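Q: The structure's right below; bear with me while I get my questions together.
The values are calculated or read from the model by the stated rules, or taken from the named source; none is laboratory data. These figures come from a predicted structure and were not determined experimentally. Using ideal geometry, Cβ is built from the backbone for each residue, glycine included, and neighbour counts are taken over all protein chains shown.
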Amino acid sequence: MTVGAAPDAARGTDTTSAPPAPSAPLRVALVGNPNTGKSTLFNVLTGLRQRVGNFAGVTVERVEGTYRDEAGRSVTVLDLPGTYSLDPHTPDEAIALDVLAGRSDSPVPDVLVIVADALHLERNLYLVSQLVELGLPTVVALNQVDAANKRGVQVDIVELIHELGVTVVPTVATKGEGIDRLRRAISRAHELPRPERRFDMPTVVRDALAPIEAALVAEGVSPHAAGLEALLHITAPAHDHGPAVHDAVASARTKLLDAGLNPESLEAELRYGWITGVVHRAVKDPDSRERTTSDRVDRVLLHKVWGMLIFLMLMGLVFQSVFSWAAPLQDAIESSLTWVGGQVGALIPEGDLRSLVVDGVIAGVGGVLVFLPQIAILFLFIGILEDSGYMARAAFIMDRYMRKVGLHGRSFIPLVSGYACAVPAIMASRTIERPRDRLATIMVVPLMSCSARLPVYTLLIGAFVPALQVAGIIDLQGLVLLSMYLLGTLAALAVAFVFRRTLLRGQTQPLILELPPYRIPSARALATTVAHRSSLFVRRAGTVILALSVVLWALATYPKSVAPAGMADEAAQELQLANSFLGRAGHVIEPVMRPLGFDWKISVSIVSSFAAREVFVSSMGTIYGVGGSEDGAGLPEKLKAERDPVTGAPVYTVVTALALMVFYVFALMCMSTVAVTVREAGGGATGWRWAGVQFGYMFVLAYAAAWLVRVAATAAGWGA
Amino acid sequence: MAEVCGESCPLMACKTGHRAVVVRVGCDGTEACRLRALGLYEGARVSVVDSRNGLLLQVRGVRLAIGAAMAASITVIPLPQ
């Protein structure tokens, strides 16, 4: 089979006819199994950048893209979440069926594009057989034909078109092959007869289902969708229908049982019965039983001991790279920002405006941009692990361990992603099917130390932990950093355990996971992923954090205090800050934070860091007036020099630094995480309640742990 | 469905290299639905690719990993080697 064949010619399409209403955009929905390259195809088709994954169900967001076809007509493509069938098991799959049956905000698409993996056509045809029953103009993109050909799998396109009754276009999305032909097929799909159910129903089944279909149509479901849904409901009775449908389903099940049929397996038997014939006629697969390279690799990677060891080594490599490879890049960004601050500062006359630009804007954004290299490297690794197919294996070998604390193997991806950022991590937990398993994961993901905590850790470690050599290349600073990460990770597992025995009691869902064949990740797809994630982070830094930096600068600058004549600059700055709006707010909450050893300046920075944790560093920078100036890296020195105005003792000691770090390990100081938890935990009142539980337990943990650290460290005589 | 006669056993009892016909998918509705959609339904043939921890199955040309608990709830009749 070659991509250069002419499959749509077989359908006898006319190249001269134009779509009926060229002014209205053509709405296309893209559906398919996970691991079919659907996201890549979407990117190539529309040019819109989107994350590409190998882990089942990574596409969770609604993503739309647009292109113009040959006739100049605008085509809008909606990328539906990857799904194995239209039985709504997960929120993702429910979305797909709702859109296609016209039950969502999105109108029913004009054309359906089904992405099917040529290498796993047999399994992919299950979804295809469901989708053609919807009767929408349909095109099948037979993707990854190159990989199939390489394995000796030959698909007879003409025969497949004949079997499916829809246009089939072979594509290789990663190389952009077959895309023009796919676009042409999409623009012409409406000219062809509507597809319909491809297999014959036994009379007894048809008779049993007819009342369900009628009841569904009476509820407003289209006749085509009703035929499909009746079959779905026989397998798994639906909840969101009226009593007429329920009664019809119940009596149909009785009829089928009386006829000696199993209602639960009926749909699978009918569809796979048809699929077996199609595959027999259209697919030549000489060595389907032969052990593949992937299996040989899996003999090692899924080994109880070796597999675990390799997994831990990979994780170690990821950590090492994130922290060490990023350093030179960070230095470069830091020094160029200092330079920019100096240049810009010199252009503006001394006064409030200069202070705003240099101390507010450049300092605020600059402090965040510095962490871009780490985020890029982390997402590069996550991308490689996902796109190579290893992530699914990792979930498989981790399942046994995750299960011990009541989490699912699939919880592993959100938890690891939590090291980068809790927001995408919580969104990634959507692939966990059962609500309780999902909620338990969502609840603990923010305990994984995210990249936004890193600035806080590095600032405090750099200032207060000596770089003592411990063993080999490991020093005390690295060890403290590692223990912060370990503390958060262990806490996440422990808290999950507690949740599964209290608020979220119940059995963890058994593991069902497709292990896609290993493949070399495409550099283009990886670059897209990293660029996409990095730009998301920068945009966040550039909007929320910039705005907050400016607000904070204003709160710290006004109202203006007049320093008495002859007062030292340092003291005048201190006085100004103490009397500012920010200082007053800090004084109000100080009594609460005092037991932890935090003064009002730290309290203010903690409160302001609710915008995003990394704001803590820029707030401290603003409060101490160091960011962006020539001594941009001067914050640690300022902190060390800070003295209590009453006692004269240093404010920041190793004890304060440790307590503060431990506080940040646990505290949910991130409004974005709260917002995403509200949405993912069910939205509305339910969502807010879970977000409240999450914020509350994390604050209590943070406060208690920081207090314990202070008491224990003081008792041990540190930081005197 | 009863194309082979023999002792039925839990899928978990099958070892690497074994082939079997599914006779009963005994887990919860949702999981059973998903398994059936993935090709693991009553009457389907599966082969065990790896039985060292959980089960790695070949079902309809796809590698499917399932946990031990789930593999225990699926009843099969082993096919002759």
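Q: Pairs, please: C-beta under 9 Å, at least 6 apart or cross-chain, first residue on the phi > 0 side of the Ramachandran plot and in region A:195-220, second of a type in the set (A, V, I, L, M, F, W, C) and surrounded by 15 or more Cβ atoms within 10 Å (Cβ to Cβ)?
A: That search, which allows pairs on different chains as well, returns nothing.
Q: Here are some residues: A:661, A:698. Which one is under 20 Å from residue A:601 (Cα atoms) and at pLDDT 90 or above?
A: Only one candidate passes the filter, namely A:661.
Q: With in contact with a strand residue (DSSP E or B) (Cβ under 7 Å, 6 or more places away or on another chain), assigned to a helix (DSSP H, G or I) and either within 14 Å of chain B (Cβ to nearest Cβ) or at pLDDT 85 or above (or both) as the only criterion, which of A:392, A:332, A:346 stands out?
A: A:392
Q: Continuing with the same structure: Counting only residues that are within 13 Å of chain B (Cβ to nearest Cβ) and more than 24 Å from residue A:121 (Cβ to Cβ), how many does region A:73-87 have?
A: Residues in region A:73-87 being within 13 Å of chain B (Cβ to nearest Cβ) and more than 24 Å from residue A:121 (Cβ to Cβ): 0 in total.
Q: Could I ask something else about it? Taking the residues in region B:26-42 that are among the aliphatic types (A, V, I, L, M) and outside any loop (DSSP other than H, G, I, E, B) as candidates, determine which candidate is nearest to the other protein chains (Cβ to nearest Cβ).
A: Restricting to residues being among the aliphatic types (A, V, I, L, M) and outside any loop (DSSP other than H, G, I, E, B), the top hit is B:37.
Q: Please tell me if residue A:467 is away from chain B (no Cβ under 14 Å), among the hydrophobic types (A, V, I, L, M, F, W, C), within 30 Å of residue A:41 (Cα to Cα) and loosely packed, with under 14 Cβ neighbours inside 10 Å.
A: Taking the combined requirement at face value, the residue does not satisfy it.
Q: If I ask for residues that are part of a helix (DSSP H, G or I), of a type in the set (A, V, I, L, M) and farther than 29 Å from residue A:35 by Cα, which ones from region A:494-525 would you list?
A: Within region A:494-525, A:494, A:495, A:496, A:498 meet the criteria.
Q: Of everything in region A:229-248 that's assigned to a helix (DSSP H, G or I) and either within 13 Å of chain B (Cβ to nearest Cβ) or touching a strand residue (DSSP E or B) at 6+ places or on another chain (Cβ under 6 Å) (or both), which residue is nearest to residue B:36 (Cα to Cα)?
A: The qualifying residue nearest to residue B:36 (Cα to Cα) is A:235.
Q: Name the residues in region A:103-138 that are away from every other protein chain (no Cβ under 14 Å), within 16 Å of residue A:81 (Cα to Cα) and among the small types (Gly, Ala, Ser), would you?
A: A:104, A:106
Q: Just checking, which of A:243, A:195, A:202 is under 18 Å from residue A:133 (Cβ atoms) and either among the β-branched types (Val, Ile, Thr) or exposed (fewer than 15 other Cβ atoms within 10 Å of the Cβ) (or both)?
A: Only one candidate qualifies: A:202.
Q: For region A:380-436, which positions are aliphatic (A, V, I, L, M), more than 16 Å from the chain's Cα centre (by Cα) and more than 30 Å from residue A:293 (Cα to Cα)?
A: A:405, A:407
Q: Among the residues that make up region A:272-293, is at least one of them in a helix (DSSP H, G or I), at pLDDT below 85 and within 14 Å of chain B (Cβ to nearest Cβ)?
A: The answer is yes; a qualifying residue exists.
Q: Is it the case that residue B:71 is under 19 Å from residue A:510 (Cα atoms), free of Cβ contacts under 8 Å to residues at least 60 places away in the same chain and either within 11 Å of chain A (Cβ to nearest Cβ) or in a loop (DSSP other than H, G, I, E, B) (or both)?
A: No; evaluated as a whole, the condition is false for this residue.
Q: Determine if region B:26-39 includes at least one residue that is farther than 26 Å from residue A:117 by Cα, surrounded by fewer than 23 Cβ atoms within 10 Å (Cβ to Cβ) and within 10 Å of the chain's Cα centre (by Cα).
A: Within region B:26-39, none of the residues are farther than 26 Å from residue A:117 by Cα, surrounded by fewer than 23 Cβ atoms within 10 Å (Cβ to Cβ) and within 10 Å of the chain's Cα centre (by Cα).
Q: Given (1) more than 20 Å from residue A:515 (Cβ to Cβ); (2) under 14 Å from the mean Cα position of the chain (by Cα); (3) buried (at least 24 other Cβ atoms within 10 Å of the Cβ), where does residue A:440 come up short, assuming only one miss?
A: (2)
Q: Evaluate the following for residue A:249: is it surrounded by 18 or more Cβ atoms within 10 Å (Cβ to Cβ) and of a type in the set (A, V, I, L, M)?
A: The answer is yes for residue A:249.
Q: Looking at (1) over 19 Å from residue A:87 (Cα atoms); (2) surrounded by fewer than 22 Cβ atoms within 10 Å (Cβ to Cβ); (3) at the interface with another protein chain (Cβ under 7 Å from one of its Cβ atoms); (4) not hydrophobic (A, V, I, L, M, F, W, C), can you tell me which one residue B:54 breaks?
A: The number of the failed condition is (2).
Q: A further question follows. Among the residues of region A:469-481, is there at least one that is aliphatic (A, V, I, L, M), out of contact with any helix residue (DSSP H, G or I) (no Cβ under 6 Å at 6 or more places or on another chain), in a loop (DSSP other than H, G, I, E, B) and closer than 30 Å to residue A:636 by Cβ?
A: Yes.
Q: Moving on. Among B:23, B:62, which is the only one that is within 10 Å of chain A (Cβ to nearest Cβ) and in contact with an Asp or Glu (Cβ under 7 Å, 6 or more places away or on another chain)?
A: None of the other options fit; the residue is B:62.
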